[in-house]
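The values are calculated or read from the model by the stated rules, or taken from the named source; none is laboratory data. Owing to the predicted nature of the structure, the values given are computational and were not obtained by experimental measurement. FYI the Cβ positions are ideal-geometry reconstructions off the backbone, even for glycines, and counts take in every protein chain you see.
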């Protein structure tokens, strides 16, 4: 653990944390895509994987600009959020309800990232490092767009998900009787 005695120290620590988070996500996102029942949702995760890979590269560029290394820290927060997301992938049930659980997990990931990037941007701005702030802002915009996309897909899936167990059982009975 490093000593944080300045805004610069904290920014470097945040970059390492974000880098670890993004690297963890490059392994978790394909699982979320594969576990999705909805094609649009799976495609959204696949597209965001490409963005995440670019974000890893962008963080490496930020680290170079700061003359530091992006490695050296494990993001325990993201590890926990990913672990919760993995639980959503292990559930059984209605495919729409399961996808809504995956969307919830994905949204938690995005919000965690947005908090980290917002902090790092503010620190970079305080240091007068507009190039670093700009690179981080680009990623923040991508994370916000990913969250918005998940929200829109979720709204569509909600229309087809059973409201409660009785609704689901009635729908099964109706489809079994041909109605």
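Can you find even one residue in segment 61-71 that is closer than 18 Å to residue 141 by Cβ and buried (at least 21 other Cβ atoms within 10 Å of the Cβ)?
Quick first cut of segment 61-71, residues closer than 18 Å to residue 141 by Cβ only: 61-62.
Next, from what is left, pick out any that are buried (at least 21 other Cβ atoms within 10 Å of the Cβ): 62.
Checking segment 61-71: at least one residue is closer than 18 Å to residue 141 by Cβ and buried (at least 21 other Cβ atoms within 10 Å of the Cβ).
Would it be correct to say that residue 86 is touching a helix residue (DSSP H, G or I) at 6+ places or on another chain (Cβ under 9 Å), part of a helix (DSSP H, G or I) and at pLDDT 95 or above?
Numbers: touching a helix residue (DSSP H, G or I) at 6+ places or on another chain (Cβ under 9 Å): yes; part of a helix (DSSP H, G or I): yes; at pLDDT 95 or above: no.
No: the conditions fail for residue 86.
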Of all residues in segment 1-25, count the ones that are crowded, with 20+ Cβ neighbours inside 10 Å and modelled with pLDDT under 95.
-> 0
Could you list, in sequence order, the residues of segment 75-124 that are surrounded by fewer than 19 Cβ atoms within 10 Å (Cβ to Cβ), under 20 Å from residue 7 (Cα atoms) and without any contact (Cβ under 8 Å) to a residue 60 or more places away in the chain?
-> 114, 115, 118, 122
Does any residue of segment 145-160 turn out to be modelled with pLDDT of 95 or more, closer than 18 Å to residue 56 by Cβ, out of contact with any strand residue (DSSP E or B) (no Cβ under 6 Å at 6 or more places or on another chain) and assigned to a helix (DSSP H, G or I)?
-> yes
Selection over segment 26-57 where residues are surrounded by fewer than 20 Cβ atoms within 10 Å (Cβ to Cβ) and assigned to a helix (DSSP H, G or I) yields a count of 19
Among 44, 33, which is the only one that is in contact (Cβ under 8 Å) with a residue 60 or more places away in the chain, farther than 21 Å from residue 135 by Cβ and in contact with a helix residue (DSSP H, G or I) (Cβ under 8 Å, 6 or more places away or on another chain)?
-> 44
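Hey, could you check segment 125-144 for residues that are in contact (Cβ under 8 Å) with a residue 60 or more places away in the chain and in a helix (DSSP H, G or I) and say which is surrounded by the most Cβ atoms within 10 Å (Cβ to Cβ)?
Of all residues in segment 125-144, those in contact (Cβ under 8 Å) with a residue 60 or more places away in the chain come to 126-127, 129, 131-132, 135-136, 138-139, 142.
Retained after the next criterion (residues that are in a helix (DSSP H, G or I)): 126, 131-132, 135-136, 138-139, 142.
On the way: 126: 13, 131: 12, 132: 22, 135: 20, 136: 29, 138: 13, 139: 25, 142: 19.
If we take residues in segment 125-144 being in contact (Cβ under 8 Å) with a residue 60 or more places away in the chain and in a helix (DSSP H, G or I), then 136 is surrounded by the most Cβ atoms within 10 Å (Cβ to Cβ).
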